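Colleague: One structure, as structure tokens, below. Some questions next.
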């Protein structure tokens, strides 16, 4: 059985987002680095020396990600100075794919809690925050539009092989074929937010921040793009727009995202977004630390398309909580007013 790797860190300013909370994007970068380090340990070679049998440099392209902070946690709980304990276990499938299970917390995670975790279903059932990654070993072939899958040199000696196809690969194929992402469980009932403007939201790729060292659009930046689209949707596309302070109070509860294509630094990404509001009676009282209120939650379903050829790049489903400090009276009043209007259907 594959062993669990142990990674420890601390939430410092580079890992934080506005609102003095852990940044989802930067945290996913950290988890991605942990997974690649686990792959390096498994293959027994330095990160930069992971190559194909033809000696081409390989990269761990992410196929899908699931992130869940759990009922008792939030991005606010992981504030500045909070410890980060990350446990990661990987397995190899078909010598070309890697499945990664993550359990993370702000306290030590005993080995005994991890012993029975073998599948994503068991990961979801345990009590701590978790993440799930599936990677493919890829080589750039003439640009970001053509990424081919290869097996790494030395993979034959790896004993941590998975006998069955990982759930992430199966779900990836299903979402790509059907366009449907499996709902969260339990999936709360919600009221749709109807936009005034229905055109896709356009995001210009910024090479200096969106591309990684290999010149690829980094997987965590897709989440930054969806967050950008959510902000534009809420601040500009509704008949009664929401304020920026209210939008900045949004924190990710859980996300499922599937990746299908990459882009270049000159591309524009077109984001088709649907949103709905989860009523407060549909979820338990807030467990965020300190004096926070959660007037409502939001669900966002997004599809990202490459502007040059309309190729589907990714599909995402995310649930976000509006965690507002109790001292922010104006923001709370705005949230209550918005919720009241949506309930009554008034304008």
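The values are calculated or read from the model by the stated rules, or taken from the named source; none is laboratory data. Fair warning: this is a prediction, and the values are worked out from it, not measured in the lab. Cβ sites come from the backbone with ideal geometry, for glycine too, and all protein chains shown count toward neighbours.
Colleague: Can you tell me which of (1) assigned to a strand (DSSP E or B); (2) farther than 23 Å from residue 254 by Cβ is the one residue 54 doesn't meet?
Modeller: (1) is the only condition that residue 54 fails.
Colleague: Condition check: crowded, with 18+ Cβ neighbours inside 10 Å, at positive phi, under 22 Å from the mean Cα position of the chain (by Cα) and in contact (Cβ under 8 Å) with a residue 24 or more places away in the chain. Does residue 91 satisfy that? It would help to see each step written out before you state the result.
Modeller: Numbers: crowded, with 18+ Cβ neighbours inside 10 Å: yes; at positive phi: no; under 22 Å from the mean Cα position of the chain (by Cα): yes; in contact (Cβ under 8 Å) with a residue 24 or more places away in the chain: yes.
So residue 91 does not fit the description; no.
Colleague: Looking only at helices (runs of 4 or more DSSP H) that fall completely inside the stretch 83-179, which ones have 1 or more residues that are more than 19 Å from residue 52 (Cβ to Cβ) and not assigned by TED's automatic domain parsing to the domain that holds residue 32?
Modeller: Values: elements: 111-114, 120-125, 167-178.
Hits in the stretch 83-179: 167-178.
Colleague: Just name the residue that is surrounded by the fewest Cβ atoms within 10 Å (Cβ to Cβ) out of those in the stretch 1-27 that are in a helix (DSSP H, G or I) and touching a strand residue (DSSP E or B) at 6+ places or on another chain (Cβ under 7 Å). Show your work before the answer.
Modeller: First pass over the stretch 1-27, keeping only residues in a helix (DSSP H, G or I): 13-15, 24-27.
After this cut, where a residue has to be touching a strand residue (DSSP E or B) at 6+ places or on another chain (Cβ under 7 Å) as well, the list is 15, 24.
Working: 15: 20, 24: 22.
Among those that are in a helix (DSSP H, G or I) and touching a strand residue (DSSP E or B) at 6+ places or on another chain (Cβ under 7 Å), it is 15.
Colleague: Then there's this: Going by the conditions given, is residue 32 touching a helix residue (DSSP H, G or I) at 6+ places or on another chain (Cβ under 7 Å), within 19 Å of residue 83 (Cα to Cα) and at pLDDT below 95? Break it down into steps so the answer makes sense when it comes.
Modeller: Working: touching a helix residue (DSSP H, G or I) at 6+ places or on another chain (Cβ under 7 Å): yes; within 19 Å of residue 83 (Cα to Cα): yes; at pLDDT below 95: no.
No.
Colleague: Using the structure shown, decide if residue 244 is under 29 Å from residue 103 (Cβ atoms) and either without any contact (Cβ under 8 Å) to a residue 24 or more places away in the chain or crowded, with 21+ Cβ neighbours inside 10 Å (or both).
Modeller: It is false that residue 244 is under 29 Å from residue 103 (Cβ atoms) and either without any contact (Cβ under 8 Å) to a residue 24 or more places away in the chain or crowded, with 21+ Cβ neighbours inside 10 Å (or both).
Colleague: I'm trying to understand the selection: among the residues of the stretch 107-143, which are within 19 Å of residue 91 (Cα to Cα), surrounded by 12 or more Cβ atoms within 10 Å (Cβ to Cβ) and touching a helix residue (DSSP H, G or I) at 6+ places or on another chain (Cβ under 8 Å)?
Modeller: 117, 119, 120, 130, 131, 132, 133, 134, 135, listed by residue number.
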